[in-house]
Every structure is written in structure tokens, then in C-alpha cells.
1. Need one value: the accessible area of Met369 in square angstrom, 1.4 angstrom probe, rounded to the nearest 10.
2. Given 0.36 nm per residue, what is the gain on full extension from Arg231 to Arg332 after removing their alpha carbon distance, in nm?
3. Before I look further, what does region 107-201 give for accessible area per residue, probe 1.4 Å, in whole square angstrom?
4. What FRET efficiency comes out for Glu25 versus Ala299 if R0 is 25 angstrom and r is the Cβ-Cβ distance? Round to the nearest 0.05.
5. Can you pull the Kirkwood radius for region 281-333, inverse mean 1/r over Cα pairs, to one decimal in Å?
6. Quick one: length gained pulling Asp270 to Lys162 fully straight, 0.36 nm per residue minus the C-alpha distance?
7. Can you give the Kirkwood hydrodynamic radius for region 196-349, in Å, rounded to one decimal and based on Cα pairs?
8. Can you list the aspartates and glutamates whose alpha carbon sits under 17 Å from that of Lys162, skipping same-chain ones fewer than 8 residues off?
Amino acid sequence: MEKTWRWFGPNDKITLDMLRQIGVEGIVTALHHIPNGEIWTLEEVEKMKTYIEDHGLRWSVVESLPVSESIKYAGPDRDQLIENYKESLRNLGKAGVRTICYNFMPVLDWARTTLDYPNPNGTSNLYFNMGEFAYFDIHILKREGAEKDYDEDTLKRMEEIKAGMTPEGEKRLVENIIVKTQGFVNGNISEADLDPVSKFRELLKLYDGIDANRLRENMAYFLNAIMPVCREYDINMCVHPDDPPRPILGLPRIVTCDADIRAFLDAVPDPHNGLTFCAGSLSAGAHNDVVELARKYAANTHFAHIRICKTLPGGDFKESSHLDPRLIEVVRIFEEKNPGIPMRVDHAELMLGDEKMGYNAGYSFHGRMLALGQIDGVMATLRNK
Ligand code: DNO
């Protein structure tokens, strides 16, 4: 697989020159300065492409060309937004950038409750605590009927958390769940929002009456509309699985498991309709056998996120080592079945001063560099048969 790296543009503290030194071959990025729903002009696309190429690298993947909420819930302006999306795709196609990662998660992209969960060796990791998440949902968001979405054990854990909760603790949960993990991925809420919780409540309302089937129809509508452009420019669309892979906050999630993947592939059968195989997101659900899924969907995968989670009792999970045997097996499968695709490591540890650098959550430098080195070693060993 091609070794790529998610880079957040010319203002990223991690520069392209640094990335060349550590063996990165391709860049994963987006035009983060263009608001969701607006057209990425050919001029802007070319500007980014040239910048990357001037540094001796290539723009391998767009992550993400964001799908506006209105396309997801079928708002009145969805056709116009789809037209804009098609125009952005055409411009990317003309520039030769042909792998596009996106997601179809309503309102909230990936979710974590802790961004610096300490490991015994002094590093830290991302962590998802179901009890804290329930606390956010029930006591901060105060979502109507939220209690019924959690089992008794989770509610009991939540009560214990509540007993020790402080205003700072609440603030931290809001920041971690809907601000710090979202803004930089072109999410709905940014660090500049003064009242993120109210804004979030408004966004949730957009999905009143939208269940999983409706969301699936809307995804198929979107994909059918853009496929002719993808065929014309040979663009591979690759949807990112839902993270975590389960419904949350009363919102449907439709890329969570084997059956879901089968369903969106079958709904729009075209080789340009494919998957971002995020081993991390899929492995965050105890129902998924990530190795089995890699075997099954390697041919439909256009891009791989190489990281893995360890599920814990009660719905908790944490990121595990990039040398987890399951991840080595996933790498082996892609190296055998689809070796030409780009891959990037993801959600690595904070280590060796990363924590002081203010990197985007999950996108440390030293942690990712170590992880990339580890996966590079795995790939080299596999190739040296
Ligand atoms: C989180 C990322 C996701 C991903 C989007 C793709 O770290 O993997 O935010 O970029 O879901 O659209």
C-alpha cells in the first residue's frame, strides 16, 4: 500500500518537508478553508496540488469532501448541494485527484469522551467511555427520551460519574465530544462557537423522523447522482465507516457492520462506489470481526485507515497498538489483495512532547511517526518473502 499521511494544509505544524524525511509518499488532505457545500474550484484544487507536488509528494486522497447535512437528511436544497458536489468532483478529476473519502454520519463525525487517557508507560490515547457518553447525552444535552437508549449497567455507571461530576468535567466532555474532535474534520461545530450545545441541539432536530432506512435512501440518492461524474473522471468514492459503529444520540448510523457495507455496495453497484476501510472504526464494535471484513471487502476498498481498537466491557473502547496481531493480519490482506491502495495510520498515541503541541485530536506527530514506522516494517516484511 502507498504510505500516506493526513496533513491539514500549509498551516499544519507538521510540514511536508518533515513528512518526506519520515518516508511518507502521498498526502491526504482537503481544502479545509472552503465552507461545506461550496464548490472547490479548479483553481483552488490546482493550488493545493501544486503546493504538495512542489514538496516532492503527491495528493493521493481527499479526506474529506464533506457531504452537507442537507444531502444526508434530504433538505430542500439537496439537489443544489449535490450539483455543487459534482462540480467539485469534476475539478478534482480534472486535476487528477481521484480518491475521495467522505462519510454519511448525521451531525456527529467520530466520537470520543477522552483525548488523553493515560497509558502506564507515560503516553496517552483516545478513549470512549460509554458512561460518560450517556452523561453527556442525558444530563448535558438533555435529549428527550435519551435514557431508554442505554442499558441498566450503563445508567448505573453514569450515576457514579454524576456523583463526582464538576463544571470543568462537563466542559471537558462537551469539548471532547462535539468540539475538539469535530471542527478540524470540517464538522458542524468549531472552537469558535460560543454555545456549542445549543447549536448541536438544533442540528439534531434536523433528523427528526429520519430513520436508518430513510438515511440509506438518501445515501443511495446521493451516490446515484454523482456516479456519472465518477465514471467520467474515474473517481473512486470511499465512505468512511461510522465511528463508533452504532447508532448514537438518537441518530441513525448506516455504515456499521458487514450487512451495512453489503447494503450500500448493492444499492449502487459500481466499482467507483467503495469503502474507506477504517479498521479502527469497525473494530470499535464488538460485533465486527475486522480481519474477516478486510478479507471480504478488500476488493471494494479504495483507501485504508490502519489503526485498531480494543473493545472493553460496557461498550467502552480504546485505541490499541498498531502492532496488534489483528491489524498485522489486515495489512497482510490488503498487501495481498489490493496492494495499490493508499493507506494512512491514524489515532496514534500522544508521546514525547506531542501533548504540548496542540495537534488536532488523534493526529500527533511522534505517535503517528512511530505507528507509520511499525506498519512500514510490517509491509516490508510481507514483501520480502
Ligand atoms: C477521524 C477521521 C474521520 C474521517 C471522516 C471522513 O479521525 O477518521 O473524521 O476523516 O469521517 O469523512
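The values are calculated or read from the model by the stated rules, or taken from the named source; none is laboratory data. Computed from a predicted model, the values in this text were never measured in an experiment. Using ideal geometry, Cβ is built from the backbone for each residue, glycine included, and neighbour counts are taken over all protein chains shown. The protein model used for the area step is the full one, side chains on, heavy atoms only, and it has no ligands, DNA or RNA in it. Shrake-Rupley method; radii C 1.70, N 1.55, O 1.52, S 1.80 Å.
1. Near enough 70 Å² of accessible area.
2. That pair, Arg231 and Arg332, stretches by 33.4 nm at full extension.
3. Accessible area per residue, region 107-201: 49 Å².
4. In this case the efficiency is close to 0.65.
5. 11.5 Å
6. 34.0 nm
7. 16.5 Å
8. Glu132, Asp137, Glu147, Asp151, Glu152, Asp153, Glu170
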